[in-house]
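Undergrad: My questions all concern the structure below.
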Amino acid sequence: MSRVYPPTAKWHEMERAGIIPQAGNAEEYTVGGWRNEHPVRDNECCIDCLFCWIYCPDNAVNIKDESVKYQGFSADHCKGCHICAAVCPKDCITMVPGGEFSPDEPGQSEEE
Ligand code: SF4
Ligand code: SF4
C-alpha cells in the first residue's frame with residue numbers, strides 16, 4: 001500500500017529501517033535542509049539534454065513543461081548529492097560550498 005509519511009512522523013510510525021517502500025515520492029518530502037553544497041549550472045555550456053533531470057533522485061531539476069527545457073534547481077528538493085554534476089555530459093554543473101542557492105548565480109530558478 002502506498003504511504004507517504006508526514007514531516008512530523010515519528011520513528012515508530014515508519015517502516016522498519018526507515019524504508020520508504022513507494023516509488024516516485026520525492027516531491028512529497030523536503031530535503032533541501034540536508035544540503036551543504038549546491039549545484040550551479042553554466043548556462044552557456046548547457047545543451048538541454050536533461051540528463052540532470054532524468055537522474056536527479058529528488059525531482060530537484062525544474063523544467064519548463066511546455067518546452068521541456070532546463071529551468072533551474074529546486075531549493076526545497078535538492079539535497080546536494082552531486083549526481084547531476086556527475087552525469088552532465090558537458091561538465092556544465094559545478095557543486096559549490098554552501099546550502100543556499102543564490103539568484104545571482106547562473107542557472108538558478110526561484111520556481112519549485
Ligand atoms: S545535487 Fe543535483 S542530482 Fe542531487 S538532488 Fe540536487 S539537483 Fe538533484
Ligand atoms: S545534464 Fe548538463 S547539459 Fe544536460 S541539461 Fe543538465 S546541465 Fe544541461
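Undergrad: Anything in the range 30-57 that is away from ligand 2 (no atom under 11 Å from the Cβ) and closer than 20 Å to Pro89 by Cα? List them, or say none.
TA: If the condition is that a residue be away from ligand 2 (no atom under 11 Å from the Cβ) and closer than 20 Å to Pro89 by Cα, then His38, Pro57 are the ones that fit.
Undergrad: If I ask for residues that are more than 10 Å from ligand 2 (Cβ to nearest atom) and either closer than 15 Å to Cys49 by Cα or touching a helix residue (DSSP H, G or I) at 6+ places or on another chain (Cβ under 6 Å) (or both), which ones from the range 87-96 would you list?
TA: Matches in the range 87-96: Met95 only.
Undergrad: Which is in contact with a Lys or Arg (Cβ under 9 Å, 6 or more places away or on another chain), buried (at least 18 other Cβ atoms within 10 Å of the Cβ) and at pLDDT 85 or above, of Cys56, Cys46? Spell out the reasoning first.
TA: Numbers: Cys56 fails: in contact with a Lys or Arg (Cβ under 9 Å, 6 or more places away or on another chain).
Answer to the check: Cys46.
Undergrad: Just need a number here: residues in the range 81-112 that are at pLDDT 90 or above and closer than 19 Å to Glu28 by Cβ.
TA: 1
Undergrad: Residues that are of a type outside the set (A, V, I, L, M): list the strands (runs of 3 or more DSSP E) wholly contained in the range 19-112 that include at least 3 such residues.
TA: Values: elements: 37-41, 61-64, 69-73, 93-97.
Those strands (runs of 3 or more DSSP E) span 37-41, 69-73.
The values are calculated or read from the model by the stated rules, or taken from the named source; none is laboratory data. If you're wondering where the values come from, they're calculated on a predicted model, not measured in any experiment. Heads up, the Cβs are rebuilt from the backbone with ideal geometry, glycines too, and the neighbour counts pull from every protein chain shown.
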